[in-house]
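Before any comments, here is the structure.
The values are calculated or read from the model by the stated rules, or taken from the named source; none is laboratory data. In this text the structure is predicted, and so the values were computed from the model without any measurement. Here the Cβ positions follow ideal geometry from the backbone for every residue, glycine too, while neighbour counts run over all protein chains shown.
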Amino acid sequence: MGLGLLAFAHASSAALITLNGNGFSVSYDDAQEVQYGQGFLSGSLDTIYFQPSAFSALSGGSPASTAAPLQLTFTIDPGYAFAGLNFTERGDYFLLGGGTVGVDASLQAVNTDTAVSVVLSLAPSAPLDLTGASTPWMAVGSIAAGLGVPQSLQLTLDNELLASAPAGDLSFIQKTYVGFQVVTRAQPASSVPEPSSWALLAAGMLAALMAGRRRPRIPPGMRFGRCT
């Protein structure tokens, strides 16, 4: 019963955070901020990003790992269409002696309208094997096709940092940035006239009809300047 009360307390304390971007909105459970920190929108309003300060793994003699999923729901605004997604994460690492570090990550995108999904396997863009100094690392990925044209999109990022070092050596890796750039495009305006346009058109046609009926009729004998 104690575990049930603990789960209930967690669920009741969780809150949904929503940010409004350019052509979309994004929401996530604030409980995820424990590992990832607060979410922000870029100045261009097309990227939601996090700047974690405590997502790291450290080893000084035995293997260590830190894992945390991140789930976001994107809703495309009316008048816009989803056109793609660009993902970026980065951080830094430090190796001393025979230590090693690694990043294990995948990103799943699901079109919640059709349940169609795409999975990206992510890896750092360069080997994480430089020693003796703090070194930056980065992993990127993109989704441009395969999801159709979703109006609602759920993203799940599975992320794990790994560190291992023999006794007396050191390995450390951390994540400092996670960003999701959502590409949208404005849909062309409908060519169907609005109700007000239909009303204006009908009024114009009625006025022309009434004007035609009011035209005076010319007796046949008066046409072409002749009279009988």
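When the residues of region 82-95 are filtered to those that are surrounded by 15 or more Cβ atoms within 10 Å (Cβ to Cβ) and either at pLDDT below 95 or within 12 Å of residue 153 (Cα to Cα) (or both), which remaining residue is farthest from the chain's Cα centre (by Cα)? So that I can check it myself, show each step before the final result.
Filtering region 82-95 for residues surrounded by 15 or more Cβ atoms within 10 Å (Cβ to Cβ) gives 82, 85-95.
Checking which are either at pLDDT below 95 or within 12 Å of residue 153 (Cα to Cα) (or both) leaves us with 82, 85.
Working: 82: 9, 85: 7 Å.
Ranking the qualifying residues of region 82-95, first place goes to 82.
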Legend entry - In region 156-171, residue farthest from residue 132 (Cα to Cα) [restricted to those that are among the hydrophobic types (A, V, I, L, M, F, W, C) and modelled with pLDDT of 95 or more]: 157
Inset, instruction - Say whether the condition of being exposed (fewer than 15 other Cβ atoms within 10 Å of the Cβ), of a type outside the set (A, V, I, L, M, F, W, C), in contact with an Asp or Glu (Cβ under 8 Å, 6 or more places away or on another chain) and part of a loop (DSSP other than H, G, I, E, B) is met by at least one residue in region 105-117. - result: no
Inset, instruction - For region 57-78, enumerate the residues that are farther than 18 Å from residue 19 by Cα, at pLDDT 95 or above and outside any strand (DSSP E or B). - result: 63
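For (1) surrounded by fewer than 10 Cβ atoms within 10 Å (Cβ to Cβ); (2) modelled with pLDDT under 95; (3) part of a strand (DSSP E or B), each residue gets a yes or a no:
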residue	(1), (2), (3)
154	no, no, yes
173	no, no, yes
192	yes, yes, no
207	no, yes, no
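Pick from 73, 131, 100, 135: which is on the phi < 0 side of the Ramachandran plot, surrounded by fewer than 16 Cβ atoms within 10 Å (Cβ to Cβ) and in the same structural domain as residue 176 (by TED's automatic domain parsing)?
Values: 73 fails: surrounded by fewer than 16 Cβ atoms within 10 Å (Cβ to Cβ); 100 fails: surrounded by fewer than 16 Cβ atoms within 10 Å (Cβ to Cβ); 135 fails: surrounded by fewer than 16 Cβ atoms within 10 Å (Cβ to Cβ).
Going through 73, 131, 100, 135 in turn, just one is on the phi < 0 side of the Ramachandran plot, surrounded by fewer than 16 Cβ atoms within 10 Å (Cβ to Cβ) and in the same structural domain as residue 176 (by TED's automatic domain parsing): 131.
Return yes or no: is residue 223 in a strand (DSSP E or B) and modelled with pLDDT under 95? Talk me through it step by step, then tell me what you get.
Values: in a strand (DSSP E or B): no; modelled with pLDDT under 95: yes.
Judged against the criteria, residue 223 is not a match.
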Inset, instruction - Would you point out the residue of region 44-57, among those that are buried (at least 17 other Cβ atoms within 10 Å of the Cβ) and in contact with a Phe, Trp or Tyr (Cβ under 8 Å, 6 or more places away or on another chain), that is farthest from residue 170 (Cα to Cα)? - result: 47
Inset, instruction - Any residue in region 17-39 that's at positive phi and in the same structural domain as residue 79 (by TED's automatic domain parsing): show its pairings with residues that are of a type in the set (Ser, Thr, Tyr) and outside any helix (DSSP H, G or I) at Cβ separation under 9 Å, as long as the two are six or more apart or on different chains. - result: 23/80; 23/184; 37/53
